[in-house]
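Colleague: Take a look at the following structure, please.
The values are calculated or read from the model by the stated rules, or taken from the named source; none is laboratory data. None of these values were measured; they are calculated from a predicted model. With ideal geometry, Cβ positions are generated from the backbone for all residues, glycine too; neighbour counts draw on all protein chains shown.
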Amino acid sequence: MRRDRCLETMVWLLWWDAHQDAAVLSIRQPVEELMAHTVARACALFLHSSIESVAVSLRRICVFCGSSVGTDDVYRTATVALARELANRGIGLVYGGASVGLMGVLADSVLAGGGEVIGVLPRALADREIAHLGLSHLHVVESMHERKSLMAELSDAFIALPGGFGTFEEFCEAVTWTQLGLHSKRCGLLNVAGFYDPLLALFDRAVAEGFLRPQNRTIVAAEDDPAALLDRLALPAALSEPKWIPSLDQT
């Protein structure tokens with residue numbers, strides 16, 4: 001009832017504002033047309049404010065990261081910090097299922113904090129004995145495509161830690177799926193020691209050169225602090241705009 005009264009009040013305030021504007025400009029607009037426009041505008045504003053005020057429930061987050069630990073211990077430290085934050089918030093981890101590199105550090109740290117860890121690993125990699133055998137659950141699938149699809153299905157958002165080609169490809173595919181409307185899940189980069197600065201600069205260059213809409217650029221959040229990144233991923237994703245840009249006039 002309180003929300004209904006709020007919407008009703010918004011309608012009448014916008015109606016009075018529109019009526020006064022029309023009077024000042026000496027516009028003779030039919031009352032029915034003016035009122036219909038006012039109600040539509042009020043509903044859109046009310047819906048937008050309601051969506052923005054509701055945080056997304058993050059049950060599990062998919063994290064992409066390297067199968068190496070990197071040359072600087074700062075990457076291991078950041079991975080452990082993210083793992084602890086996930087465990088403290090009761091957010092489960094979905095990841096690539098391996099026991100090596102930052103992947104292994106991440107899984108071990110979430111498990112040590114009492115968190116849930118789900119691994120998804122292609123059979124070809126499992127046969128090389130790199131599978132983590134101490135997970136809450138390990139899915140062994142037949143292909144990389146099946147792996148990525150299942151990881152996305154099990155997750156409510158995506159994070160990329162530092163990594164190599166596989167990490168870049170998996171994260172950018174998740175971003176593309178959000179852009180295309182195949183899902184509406186947030187995507188974030190844990191920008192450890194500026195690791196992702198060049199990639200973020202590339203995204204901004206794509207906007208400047210007319211290959212990426214500014215609204216779609218906001219799909220990717222970036223923070224150097226795990227808590228701040230998780231806070232941003234808990235916000236509702238902005239609606240993506242159509243991907244194709246025929247001309248610079250439409251960017």
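Colleague: Is it true that some residue in the range 128-151 is buried (at least 18 other Cβ atoms within 10 Å of the Cβ), in contact (Cβ under 8 Å) with a residue 60 or more places away in the chain, in the same structural domain as Gln179 (by TED's automatic domain parsing) and under 25 Å from Val220 (Cβ atoms)?
Modeller: Yes - at least one qualifying residue is present in the range 128-151.
Colleague: Tell me which residues, restricted to the range 102-122, are touching a residue at least 40 places away in the same chain (Cβ under 8 Å), out of contact with any Pro (no Cβ under 9 Å at 6 or more places or on another chain) and not charged (D, E, K, R).
Modeller: Scanning the range 102-122 gives Leu106, Ile118.
Colleague: Scan the range 152-192 for residues that are in contact (Cβ under 8 Å) with a residue 24 or more places away in the chain and aliphatic (A, V, I, L, M) and jot them down.
Modeller: The answer is Ala152, Leu154, Ala157, Ile159, Ala160, Leu161, Ala174, Val175, Leu180, Leu189, Leu190, Val192.
Colleague: Now for a separate question. Could you tell me how many of the residues in the range 155-203 are exposed (fewer than 13 other Cβ atoms within 10 Å of the Cβ) and among the charged types (D, E, K, R)?
Modeller: Of the residues in that region, 1 qualify.
Colleague: So which residues in the range 186-201 are closer than 22 Å to Leu235 by Cα and either of a type in the set (Phe, Trp, Tyr) or assigned to a helix (DSSP H, G or I) (or both)?
Modeller: Val192, Tyr196, Leu200
Colleague: Suppose we filter Val207, Val192 for residues that are aliphatic (A, V, I, L, M) and in contact with a Ser or Thr (Cβ under 8 Å, 6 or more places away or on another chain); which single one remains?
Modeller: When all the criteria are applied, what remains is Val207.
Colleague: Out of (1) farther than 30 Å from Arg123 by Cβ; (2) more than 18 Å from the chain's Cα centre (by Cα); (3) modelled with pLDDT of 95 or more, what's the single condition that is false for Trp244?
Modeller: Among (1) farther than 30 Å from Arg123 by Cβ; (2) more than 18 Å from the chain's Cα centre (by Cα); (3) modelled with pLDDT of 95 or more, the lone unmet condition for Trp244 is (3).
Colleague: Would you kindly identify the helices (runs of 4 or more DSSP H) lying entirely within the range 91-185 that contain at least 1 residues that are at pLDDT 95 or above and at negative phi?
Modeller: Ranges flagged: 101-112, 144-154, 165-179.
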